[in-house]
Amino acid sequence: MGERLRNWAGNIEFNAARVHRPGSVEQVQEIVAATEKVRVLGTGHSFNTIADTDADLVSVAGLPADIRIDADGGTVSVAGGVRYGELARKLDAEGYALHNLGSLPHISVAGAVATGTHGSGVRLGNLATAVAGVDIVAGSGELVSLRRGDPEFDGAVVALGALGVVVRVTLDIQPRYQISQHVYERLPRAQLDAHWDEIASAGYSVSLFTGWHGDTVDQVWVKRRDEDAPAPPELFGAVAAPGKRHPIAVMSPEHCTEQGGVPGPWHERLPHFKLEFTPSSGEELQSEYFVARADAVAAFAAVERVRDLVTPALQISEIRTIAEDALWLSPHFGRDSVALHFTWVPNLDLVLRAVDALEEALAPYAPRPHWGKVFRSAPAYPRGRDFAALAARMDPAGAFRNAFVERHLAAE
Ligand SMILES: Cc1cc2nc3c(=O)[nH]c(=O)nc-3n(C[C@H](O)[C@H](O)[C@H](O)COP(=O)(O)OP(=O)(O)OC[C@H]3O[C@@H](n4cnc5c(N)ncnc54)[C@H](O)[C@@H]3O)c2cc1C
């Protein structure tokens, strides 16, 4: 093939024999109808082979964005390949907002939704929970529309690209709002255990950053909406940072979103990094595990027990929360979750050693991995069999199944 595509991190070279860049839904339908094996590529921000294929790869980046706001219905509908940053700017300009965002605005809506991508907030579901409808070009090229409330809708949202090409996504919107962001430093480790629920609930969206190395948690980022309680000068012994901070304390905070309690539009505070900043690729790998929020304190101790295997590969960990949902393959299905995220150095050997140690240490808490990051094994999901039946109906010939899907959904 003439074109060798890589993912954002550069650790995966896609094996696709052919890459298609359709400019219309009709072209997507023609490509799918004419191919035996096909996968979809969003913006390629996943760290594993989830999007890979040795046959045909369809990039949705070239579909016209076609952002349509339905003010009466409280929704926006967009082409699947639209990036959150572009959508957020348009929504904000029209007076609207999404309920949450991930840490990076450069990721496509359909790709993020397909893996259950999330931000943080004890009352906030992952980004897929905002999906009110999906239009999918299924196995034989037909266009299938599913809306929230349809019997199989909950199976078709976090779908790992295994049902077809999501050409349009409809998302819930709300009136635009302001967020102010405060960063606290050096949270005493013992306070995290003693006050976990209060700390996780200290704002609309809360993230903790730690290297798991000592008696303190490095930073707590608290993002508040106007109606939240005012920011206290101290947070359970953590002190307000005197200046702007990067999650990795030694790095320049230049590209981070505004801190210090300065209110600003939702989309300029919920991500940690500014939209104008395009992070260079290939400098990190990532893993993330979700356990029940009620098991968070025990899970922190479990990570610390394998600290010696984790820290050699680690740049920084982020701890976030996600409200439970009903989406069949969502890592947050049926349980309020805490996310234990690891930004690794780009050394796969070290990372896999750490991942093995983490999966064993967290096993008592039934961890579910982030579908788009580096992991070894995923558990069976409660609605996994229903998903397999849905996939068999939408894609009877298994055109959209790849090795990743076979491996991780084979037991369903
Ligand atoms: C720097 C960085 C920061 C990140 N931050 C976060 C974060 O804050 N929170 C979090 O949860 N995750 C985060 N992630 C992970 C990321 O959100 C997921 O990997 C996400 O799936 C990537 O979206 P994508 O468009 O790049 O999808 P891809 O990696 O291109 O594809 C992922 C999956 O989605 C499928 N897919 C993509 N588009 C379509 C479509 N149109 N129709 C059907 N299936 C489709 C693919 O087939 C594949 O199975 C981060 C990743 C990076 C690199």
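Ignoring solvent entirely, what values of log10 I(q)/I(0) come out of the Debye formula for the chain at 0.10, 0.15 Å⁻¹ when each Cα is a single scatterer? For the chain, the Cα-only Debye profile gives -0.64, -1.50. In order along segment 30-37, the Karplus-derived 3J(HN,Hα) couplings, from 6.51 cos²θ - 1.76 cosθ + 1.60 at θ = phi - 60°, round to 5, 5, 5, 5, 9, 10, 8, 10 Hz, and Gly and Pro are given as x. Where in segment 129-155 does the amide nitrogen come within less than 12 Å of the point 7 Å from the Cα of Ala326, taken along Cα to Cβ? Residues 148-155 fall inside that zone.
Once backbone amide H atoms are built at 1.01 Å from N, Ala9 has Gly282 as its partners under 5 Å, excluding neighbours fewer than 5 places away on the same chain. Based on C-alpha pairs under 8 angstrom that are at least 6 apart in sequence, segment 341-412 has a relative contact order of 25 percent.
Taking amide H atoms as placed 1.01 Å from N in the peptide plane, the amide H of Ala97 lies under 5 Å from those of Gln174, Arg176, each 5 or more residues away in sequence or on another chain. Working from Cα pairs under 8 Å separated by at least six residues, relative contact order for the chain is 18 percent. Taken along the Cα-to-beta-carbon direction at a fixed 7 Å, the label points for Ala389 and Arg4 span 4.5 nm. Here the Karplus relation 6.51 cos²θ - 1.76 cosθ + 1.60, evaluated at θ = phi - 60°, turns the backbone of segment 377-393 into coupling constants of 9, 10, x, 5, 9, x, 9, x, 5, 5, 5, 4, 5, 4, 4, 5, 7 Hz, with x for every Gly and Pro. The magnitude of the dipole of segment 176-223, with charges of +1 and -1 set on the Cβ of Lys/Arg and Asp/Glu and taken from the Cα centre, is near 260 debye. Dividing the helix sum by the residues of the chain, where each DSSP H run of 4 or more adds -39500 (n - 2.57), gives a mean residue ellipticity at 222 nm of -5500 deg cm²/dmol.
Here the Karplus curve 6.51 cos²θ - 1.76 cosθ + 1.60, taken at θ = phi - 60°, turns the phi angles of segment 62-78 into couplings of x, 6, x, 4, 6, 7, 10, 8, 10, 4, 5, x, x, 9, 10, 10, 9 Hz, with x standing for Gly and Pro.
If the segment from Ser201 to Ala61 were pulled out straight at 0.36 nm per residue, it would be longer than the present Cα-Cα gap by 46.7 nm. Placing a pseudo-label 7 Å from each Cα along the Cα-to-Cβ vector at Val19 and Ser252 gives an inter-label distance of 3.0 nm.
Ranking Leu124, Ala391, Leu309 by Cα position along the charge dipole of the chain, where only Lys, Arg, Asp and Glu carry charges on their C-beta atoms, puts Leu309 farthest toward the positive end.
Taking all protein chains as they are arranged and a probe of 1.4 Å, the heavy atoms of Lys37 leave approximately 80 Å² accessible to solvent.
In a reduced charge model with +1 at each Lys and Arg Cβ and -1 at each Asp and Glu Cβ, segment 94-239 shows a dipole moment near 220 debye about its Cα centre.
Applying 1/(1 + (r/R0)^6) with R0 = 35 Å to the Cβ-Cβ distance of Ala190 and Asp54, what FRET efficiency is obtained, to the nearest 0.05?
Efficiency, from the Cβ-Cβ distance: 0.10.
Computed from label points 7 Å out along Cα-Cβ, the spacing between Ala298 and Glu36 is 4.9 nm.
Of the beta bridges in segment 273-412, as assigned by DSSP with both residues counted there, near 95 percent are antiparallel.
Between the amide H of Val144 and those of Ile136, Val137, Ala138, distances stay under 5 Å, these residues lying 5 or more places away or on another chain, with hydrogens modeled in the peptide plane.
The values are calculated or read from the model by the stated rules, or taken from the named source; none is laboratory data. Keep in mind it's a predicted model, so treat the numbers as computed, not measured. Backbone-built Cβ (ideal geometry, glycine too); neighbour counts: all protein chains shown. We work out accessible area using only protein heavy atoms, side chains counted, and drop any ligands, DNA or RNA first. Shrake-Rupley method; radii C 1.70, N 1.55, O 1.52, S 1.80 Å.
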